[in-house]
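Taking it in order: structure first as structure tokens, then the write-up.
Every number here is computed from the coordinates shown, using simple stated rules; none is lab data. Here the structure is a predicted model, which means the values were calculated and not measured. All Cβ positions, even for glycine, are placed from backbone atoms using ideal geometry, and neighbour counts span all protein chains on display.
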Amino acid sequence: MHLSPSQRQQQQQQALGELESVTPLQQPEDRWIPKTRSRLAVDENSPEFIERKVKGLLNKLTLENFDSVSNQIISWANKSENEKNGATMILVIKLVFEKAIDDEHWSEMYARLCRKMMEQISQNVQDDNSRNNLGEPIVGGHLFRRYLLNMCQEHFERGWSQKESAQAAAALKAADDKTAEDAFKANGENGGPVLYSDEYYALLRAKRQGLGLVRFIGELFKLQMLTERIMHECIKKLLSKIDNPEEEEIESLCRLLTTVGQALDTPKAKGHMDIYFGRMQMLADNPNVASRIRSKLLDVIELRQRSWRPRNATAGPSTIARVREQV
């Protein structure tokens, strides 16, 4: 049907009138906003923003880009120059520490990062609540070292987990093993993957981080960020339960001595080391000690007898260029 010009004009005016009567949409305050837009409103000084940035840098950190990426991490820590409590630096220390103990293979690199941070943290970074014996604020690298060592001490004294939690996890694992075995027998060889409880996997993570912690502590000592006295105190604590040893403490002891034994076993400390290894031999001779732990003890004892020369050198982290040279 063909409309005359006047009819078309009348129809258009009617449509415009209907549009004008439509109420505009009201945008709710809790509406979804795309991340690309929401990031524009993020405070770059907020802990959430800093944590995301530093975690990203830590994930990118390698031996090849160590200098450039570590400089960026230090720049974030130095934002505490504008604070009175060193909050940003403490956050960066926490993130580096968590990364180091969770990835033992790269402990040496993270220890190097901490050494560099201690040397390059601005002297304007301070915490008004942290003072020396003269009542003066502790600043810069000294403040960094204090917080890092406090974090190491807190986690070391806590251990892998509370003994009760470990026993509960062991009981859960035994129950899970029995359930998985029954399921496998019922379904034959196609029984599918074995699944354990969340508590069991949490215990494995605690063990990994516990061993990562002592390795990290050892690497800090080798870079002279920890003293010999602290190392001896750690060893004494791990050897304090000769009559009723806990496996996690003995395994941590073996990992620590494997890391620092050569540097710690000096003529000056020979008396202490002889006592430590005498106790370790007693543990190895104890029939109540699990064979797996006994084997680790004997490995460290033999390592000292070989003047700390490993039987089979373990390849550590290396640069791509070095790997290509070895091929």
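Data for the structure
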read-out: Peptide ranges 252-261, 297-306 listed from the most packed, as the mean C-beta count within 10 angstrom indicates; value: 252-261, 297-306
read-out: Calculated from backbone phi, Karplus (6.51, -1.76, 1.60) coupling profile of the range 77-89 in Hz, x at Gly/Pro; value: 4, 6, 5, 5, 4, 9, 10, 9, 10, x, 4, 5, 4
read-out: Under the Karplus curve 6.51 cos²θ - 1.76 cosθ + 1.60, θ = phi - 60°, whole-Hz ³J(HN,Hα) for the range 141-153, x wherever Gly or Pro sits; value: x, 5, 5, 4, 5, 4, 5, 5, 5, 4, 5, 4, 5
read-out: ³J(HN,Hα), Karplus 6.51/-1.76/1.60, whole Hz, each residue of the range 200-216, x for Gly, Pro; value: 5, 5, 5, 5, 4, 5, 5, 5, 4, 6, x, 5, x, 5, 5, 5, 5
read-out: Amide proton proximity set for MET225, modelled H, under 5 Å, gap of 5+; value: none
read-out: Amide H within-cut-off set for ILE138, under 5 Å, with H built and near neighbours excluded; value: ASP127, SER130, ARG131, ASN132
